[in-house]
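All of the numbers you see were taken from the coordinates with simple rules; none came from a lab. Values in this document were obtained by computation on a predicted structure and should not be read as measured data. Note: ideal-geometry Cβ built from the backbone for every residue, glycine included; neighbour counts use all protein chains shown.
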Amino acid sequence: MRTLAFRLTPGTDLKAELARLTETQGLRAGCILSGVGSLSRARLRMAGAAGEAEDFRTFVEPMEIVSLAGTLGPDGMHVHISLARGDGACIGGHLVSGCIVNTTAELVIGELDELAFRRPLDPATGHGELSVKPRRSDDES
């Protein structure tokens, strides 16, 4: 497994930077091993809603990243985040664009070198869902 470590600086969009790193590092089967830091703004997609009824919520306050987990690949990512508010209450959901780093975000990402992740559209969910295949040496996708 190849491991990568990055520090994101204030004002960075967490999801956009994960997408950029996935592309520039050529990740074909990435997983978030660790993610800590803080956000000044979070935008999350909440569980249980689909399609037009998707529930997005925005929080503008200092929050600590207490958990960041998910998969990264050339077709996209599926990442969940848990955040602690100033009073210790936790919120969480699907990471979407608009999560802005407050002071820092420290990420450790692993690439599973024997696998290739793809995200074909699943008509049942309306989302690109994870497909895992063995990686071939001649596989460029």
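Numbers below:
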{"read-out": "Tilt relative to the chain, helix 14-24 - C-alpha long axis, 0 to 90 degrees, to 10", "value": "20"}
{"read-out": "Total charge dipole magnitude, the chain, about the Cα centre, Cβ charges on Lys, Arg, Asp, Glu only, Debye to nearest 20", "value": "140"}
{"read-out": "Spin-label pair S82/D122, simplified geometry with 7 Å Cα→Cβ offset, distance in nm", "value": "2.2"}
{"read-out": "Residue-averaged 222 nm ellipticity for the chain, from DSSP H runs of 4+ at -39500 (n - 2.57), nearest 500", "value": "-2500 deg cm²/dmol"}
{"read-out": "Shape call, the range 42-103: gyration tensor on alpha carbons, a/c limit 1.5", "value": "oblate"}
{"read-out": "Cα shape, the chain, gyration tensor, a/c 1.5 rule", "value": "oblate"}
{"read-out": "Shape call, the range 4-59: gyration tensor on alpha carbons, a/c limit 1.5", "value": "oblate"}
{"read-out": "R20 paired with R136, simple spin-label distance in nm, labels 7 Å along Cα-to-beta-carbon", "value": "3.5"}
